[in-house]
Amino acid sequence: MGAQIRVYRQKIASTTSMRKMFKAMELIATSRIGKARARVAASLPYANAITRAVSAVSSSSEIDHPLTTEPAQVRRAAVLVLTADRGQAGAYSASILKRAESLAELLREEGKEVATYLVGRKGQAYFDFRNRDYARVWTGGTDSPDFATAQEISKVLLEAFAERYEDGGVDEIHVVYTQFKSMVVQEPTVVRLLPLEVVEENAADAKDLLPLYEFEPEPEQVLDALLPRYIESRIFAAMLQSAASELASRQRAMKNAGDNATDLIKKYTRLRNTARQAEITQELTEIIAGADALNA
């Protein structure tokens with residue numbers, strides 16, 4: 001009986017230690033989510049402005065630009081998947097990988113090859129475990145992305161888009177990321193970056209702004225300068241959205257883990273007390289039986 005009590009004490013001690021770790025990680029995620037949301041909000045003015053500019057150039061002039069023209073045949077598509085570097089964030093990475101798998105399956109059904117580009121160690125581990133190929137991976141700082149990484153990703157993807165299919169190039173580019181809607185809602189989202197699909201949320205209609213723009217030099221040269229920066233801003237915005245979603249998921253997962261640890265501690269404490277009472281009852285029974293034997 002004493003051994004059983006020691007087992008429960010060890011379980012209580014280990015679960016208490018884990019609860020402290022869960023609580024610390026919850027507090028860290030909670031303290032960082034505010035900054036992540038502020039970065040998302042701060043990125044919107046620039047993203048909206050460059051989107052309006054690209055929309056104006058694309059809509060006001062009939063130009064044949066490789067980044068805005070639908071190819072006659074799409075044979076290979078690039079898919080950029082944004083996952084997390086670390087775990088303990090609930091189903092965050094699993095959800096985005098599942099969404100990426102659905103997209104890849106759909107593209108293959110359409111007769112397209114898929115070239116996968118990964119951001120985050122969780123995505124890399126997922127593909128490595130299954131011995132599946134990927135074109136490139138970026139790791140480090142998924143919960144606090146920097147613009148230099150977004151520029152590097154954009155450069156690699158644009159170079160692949162500019163190459164011929166026979167040389168390993170791609171005909172379209174998709175991004176799979178997690179859109180941050182609120183602290184309790186984060187939604188896996190797919191966006192096609194190229195050929196260009198201009199999407200701007202909560203912005204005025206681009207057509208109303210077209211008279212404000214005069215292009216100098218020619219629209220083609222303006223697009224050559226604007227589109228790389230537009231792609232960079234879209235990728236960086238997706239990285240910021242994913243970072244906020246990752247922190248929100250981790251905060252929620254750690255809170256649930258801490259609550260479960262508290263429930264386990266209560267359960268083990270109750271079992272330990274029950275075992276102790278049984279041990280005391282047994283000892284009293286033995287003492288009374290011994291005293292009765294002596295009296296007899």
task: Of the numbered conditions (1) crowded, with 16+ Cβ neighbours inside 10 Å; (2) out of contact with any Asp or Glu (no Cβ under 7 Å at 6 or more places or on another chain); (3) among the polar types (S, T, N, Q), Q251 fails exactly one; give the number of that condition.
output: (2)
- prompt: A84 fails exactly one of the following numbered conditions: (1) open to solvent by less than 60 Å² (accessible area, probe 1.4 Å); (2) over 30 Å from Y165 (Cβ atoms); (3) outside any loop (DSSP other than H, G, I, E, B). What is the number of that condition?
  reply: (3)
task: Would you check which residues across the range 91-133 are more than 15 Å from V176 (Cα to Cα) and among the aliphatic types (A, V, I, L, M) and list them?
output: A91, A125
message: Looking at the range 87-105 only, could you name the residues that are open to solvent by 30 Å² or more (accessible area, probe 1.4 Å), assigned to a loop (DSSP other than H, G, I, E, B) and among the hydrophobic types (A, V, I, L, M, F, W, C)?
response: A91
message: Name the single residue that is nearest to G168 (Cα to Cα) among those in the range 130-156 being among the aliphatic types (A, V, I, L, M) and part of a helix (DSSP H, G or I).
response: V156
field: Sole residue being open to solvent by less than 70 Å² (accessible area, probe 1.4 Å), assigned to a helix (DSSP H, G or I) and at pLDDT below 90, chosen from L209, L193
entry: L209
- line: Pairs returned, first residue in the range 88-112 that is without any contact (Cβ under 8 Å) to a residue 24 or more places away in the chain, second residue that is buried (at least 17 other Cβ atoms within 10 Å of the Cβ) and in a helix (DSSP H, G or I), beta-carbon separation under 8 angstrom, 6 or more apart or interchain, are none
- prompt: Which of the following residues is in contact with a Ser or Thr (Cβ under 6 Å, 6 or more places away or on another chain), modelled with pLDDT of 90 or more and within 19 Å of R99 (Cα to Cα): I173, I235?
  reply: I235
message: Can you find a residue that is modelled with pLDDT of 85 or more and either within 30 Å of R252 (Cα to Cα) or open to solvent by 60 Å² or more (accessible area, probe 1.4 Å) (or both) anywhere in the range 56-75?
response: yes
query: Does at least one position in the range 214-236 carry a residue that is more than 30 Å from A24 (Cα to Cα), aromatic (F, W, Y) and either free of Cβ contacts under 8 Å to residues at least 12 places away in the same chain or not in a helix (DSSP H, G or I) (or both)?
result: yes
message: Suppose we filter A47, A115 for residues that are part of a strand (DSSP E or B), more than 19 Å from the chain's Cα centre (by Cα) and in contact (Cβ under 8 Å) with a residue 24 or more places away in the chain; which single one remains?
response: A115
- prompt: So L158 fits all but one of (1) farther than 20 Å from E70 by Cα; (2) at pLDDT below 95; what number is the exception?
  reply: (1)
- prompt: Which one of these is over 25 Å from P71 (Cβ atoms), basic (K, R) and open to solvent by 60 Å² or more (accessible area, probe 1.4 Å): R108, R121, R164?
  reply: R121
message: Just the residues that are surrounded by 14 or more Cβ atoms within 10 Å (Cβ to Cβ), without any contact (Cβ under 8 Å) to a residue 40 or more places away in the chain and not hydrophobic (A, V, I, L, M, F, W, C), please, taken from the range 125-152.
response: Y134, R136, E152
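The values are calculated or read from the model by the stated rules, or taken from the named source; none is laboratory data. Just so we're clear, the structure is a prediction, and the values are computed from it rather than from any experiment. All Cβ positions, glycine included, derive from the backbone under ideal geometry; neighbour counts span all protein chains shown. To get the accessible areas, we keep the full protein, side chains included, count just its heavy atoms, and leave off ligands, DNA and RNA. Shrake-Rupley method; radii C 1.70, N 1.55, O 1.52, S 1.80 Å.
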